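To start, the structure itself, in structure tokens.
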Amino acid sequence: MPRMLRRTLLLLALALPLQAQAAFTPTPQDQADLARIETYLNGLTALRGRFLQVAPDGGISGGQAWLWRPGRLRFQYDPPAPFLLVASHGQLVFQDSSIKQQSQAPLSTTPLGMLLADRVSLSGDITVTGIHRLPGEIDISVVRTASPGDGTLTLVFADKPLTLRQWTVLDAQRKETRVTLFDTVLGGPFDPKLFDAPLMQNAPAGGGG
């Protein structure tokens with residue numbers, strides 16, 4: 001598999017305690033790049049495209065993705081994967097139709113919620129824990145300042161022009177789930193119903209992990 005596809009999001013990232021992280025002190029170049037990334041993310045209101053997901057066990061799946069900020073996302077997995085992930089109304093919902101099971105969590109407690117916020121600010125409520133550069137690429141890692149145990153989100157951008165390509169969440173056991181976006185098209189709006197989870201008979205009514 002190309003290296004680009006092996007870089008970095010745990011889609012249903014529930015709160016997990018994280019290992020202590022070394023303090024990050026941004027250089028002037030870091031600050032300039034973070035300002036560019038913040039401006040880019042706040043201008044990224046809607047996109048659709050394809051995704052490829054690599055699970056911690058190495059399993060690979062793909063599907064169609066829609067993102068509509070603030071707070072809405074849909075990952076429709078290709079058959080035979082029986083999964084659906086949607087974010088809306090402040091909740092992140094994951095469904096497995098093969099066993100009629102649904103899990104959900106407040107979007108604000110997941111790393112993905114940082115990306116879908118009404119306004120992305122890479123300071124204050126969010127702490128940048130690292131920035132890494134490769135030729136034509138910039139990666140940043142962030143946590144919620146008040147609750148780093150919610151997970152570490154790493155965003156991977158192609159540079160020149162700046163474009164979101166991948167994301168990852170790393171849990172306390174150093175396990176990663178990685179998503180790569182491709183064939184993306186900017187722009188919306190979309191039908192709001194696209195981001196509603198369908199009712200599932202016999203599905204648990206409450207949240208769960």
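The values are calculated or read from the model by the stated rules, or taken from the named source; none is laboratory data. It should be emphasised that the depicted structure is a prediction, and the values quoted were computed from it without experimental measurement. As a convention, Cβ positions derive from the backbone with ideal geometry for all residues, glycine included, and neighbour counts pool all protein chains shown.
Things worth noting here:
- A count restricted to region 138-168 and to residues that are within 21 Å of Arg48 (Cα to Cα) and either part of a strand (DSSP E or B) or of a type in the set (S, T, N, Q) (or both) stands at 12.
- Top-ranked residue of region 92-114 - restricted to ones that are outside any strand (DSSP E or B) and buried (at least 21 other Cβ atoms within 10 Å of the Cβ), ranked as nearest to the chain's Cα centre (by Cα): Leu112
- Qualifying positions in region 42-61 - closer than 14 Å to Val179 by Cα and of a type in the set (Val, Ile, Thr): Val54, Ile60
- The one condition in (1) crowded, with 20+ Cβ neighbours inside 10 Å; (2) under 26 Å from Pro198 (Cβ atoms); (3) touching a Lys or Arg at 6+ places or on another chain (Cβ under 7 Å) that Gly62 fails to fulfil: (1)
- Candidates Arg36, Arg74, Arg3, filtered to the one that is among the charged types (D, E, K, R), at pLDDT 95 or above and farther than 21 Å from Gln91 by Cα: Arg36
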